Amino acid sequence: MATPRLKALAATAASVPITLFGLVLVTFLIGRVMPIDPVLAIVGDRAPADVVAQVRLELGLDEPLYVQFWIYLGKLVQGDLGRSVMTSHTVVDDIIRFFPATMELATAAIIIAALLGIPIGVLAAVKQGSRIDHVIRVITLAGHSLPIFVLALISLLVFYATLEIAPGPGRQNILFDDMVPTITGLLTVDSLIAGEWEVFWDALAHLVQPAGVLAYFSMAYLARMTRAFMLDTLKGEFIITARAKGLSPARVIWKHAFGNIAVRLITILALAYAGLLEGAVITETVFSWPGLGQYLTISLLNADMNAVLGATLVVGVTYLAFNLLADLLYRLLDPRVR
């Protein structure tokens, strides 16, 4: 029994470096084929030709493509992603600075999405074919179909510009800048640690809109998956047996049916969270949220290729890690897989 499990774990472990290498290769090639000259981004359009040639030589861009990739790979192994032209900091330092804001946004969104999407999905399955089910399906279909930037713009237009009940774009009011020391990088957590309640409520108010937009998108996905899982489970013989024994509907639904799909939902949650970390790019741009997504967008507009490649690589590695985590959780928690 142990041998198949060990083989499966070995196969999963072996696939990680191969996937990482492929991710690095694709990221590098995309950076090289884009119609942007990183040298001109550094020295400017009006730099003399000899200066451009010298910088190109120093960066190794005069070498064949495979040599450039080998140099890039060697620096990457050492944790060197280069230096950002836009910020003049190393890309690693920039990522450490901006990534916590993205994580805070994605974490708030997945919590809201799970608290709303899972119960709604269960309700839709239990009330299959009813008016409630149809309403839920329309709401989730809209959330899953509408482009996220449209939802973000509608949210700003309604709650900020029209109703004026939400703060504007950004992570906090400029009056509170640098009032809280950075410990975790999560502004709401750091403000609580510092005991700055006014900063905390301001940060929470700024978090609601972008997190709500991302949460609606993920909630729609979670609700649809939960409904599909529950409909399949409610047809099982063990559910029919539980009902025949006279168990209460709530116990049948939440203990027997929902307990049967809980493991699959955990893996779905892990993948949804990874998708939020990846998909926050557009939301951060619309709401001027100072996270990795906005950093990536601005870097791309400024032809800062080291920053673009570094941020893209971090997003890809994060998504890969959560995919691996979801797979491992499914293998560990579901006895049928074991």
- [ ] State the answer as a single residue: which of GLY129, ALA321, SER288 lies farthest towards the positive end of the charge dipole of region 94-333, with beta carbon charges of +1 for Lys and Arg and -1 for Asp and Glu, about the Cα centre.
- [x] GLY129
Open item on the list: Through the Karplus equation 6.51 cos²θ - 1.76 cosθ + 1.60, θ set to phi - 60°, convert the phi angles of region 82-96 into ³J(HN,Hα) values in whole Hz; use x for Gly and Pro.
Closed with: x, 10, 6, 5, 6, 9, 6, 9, 5, 5, 4, 5, 5, 5, 4
Open item on the list: Full-extension gain between SER248 and VAL67, please, as 0.36 nm times their residue separation minus the C-alpha to C-alpha distance.
Closed with: 58.3 nm
Task: Interchain or long-range residues, amide H under 5 Å from THR90's placed H - done: SER84
Open item on the list: Let me check against my output: what whole-number percent is the relative contact order of the chain, with C-alpha pairs under 8 Å and at least 6 apart?
Closed with: 26
Task: Alpha carbon centroid spacing (whole Å) that separates region 207-234 from region 39-117 - done: 34
TODO: Kindly state, to the nearest 0.05, the FRET efficiency for ILE154 paired with ILE30, given R0 = 35 Å and r defined as their beta-carbon distance.
DONE: 0.65
TODO: Rank PRO100, HIS256, LEU146 by how far each Cα sits towards the positive end of the charge dipole of region 94-333 (+1 on Lys, Arg Cβ; -1 on Asp, Glu Cβ) and give me just the farthest.
DONE: HIS256
Open item on the list: Need one number for region 127-286: average projected area of the convex hull over its C-alpha atoms, nm².
Closed with: 12.5
- [ ] Give the label of the value calculated from the structure for Cα extents along the principal axes in Å, choosing from (1) 48, 47, 40; (2) 70, 58, 37; (3) 86, 60, 38.
- [x] (3)
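Estimate the FRET efficiency between ARG131 and TRP197 by the formula 1/(1 + (r/R0)^6), using the beta-carbon distance for r and 45 Å for R0, to the nearest 0.05.
It comes to 0.55.
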Task: Theoretical ellipticity at 222 nm over the chain - DSSP helices of four or more residues, -39500 (n - 2.57) apiece, nearest 500 - done: -24500 deg cm²/dmol
Open item on the list: I want to check a number: in the chain, how many lysine pairs have alpha carbons closer than 29 Å, given a sequence separation of 8 or more or different chains?
Closed with: 6
Task: Karplus (6.51, -1.76, 1.60) ³J(HN,Hα), θ = phi - 60°, over region 183-188, in Hz, Gly and Pro reported as x - done: 10, 9, x, 8, 4, 5
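Readers should treat all values here as calculations from the given coordinates under stated rules, not as data from a laboratory. The structure displayed is predicted, hence computed values, not measured ones. Methodologically, a virtual Cβ is constructed for each residue, glycine included, from the backbone with ideal geometry; neighbour enumeration extends over all protein chains shown.
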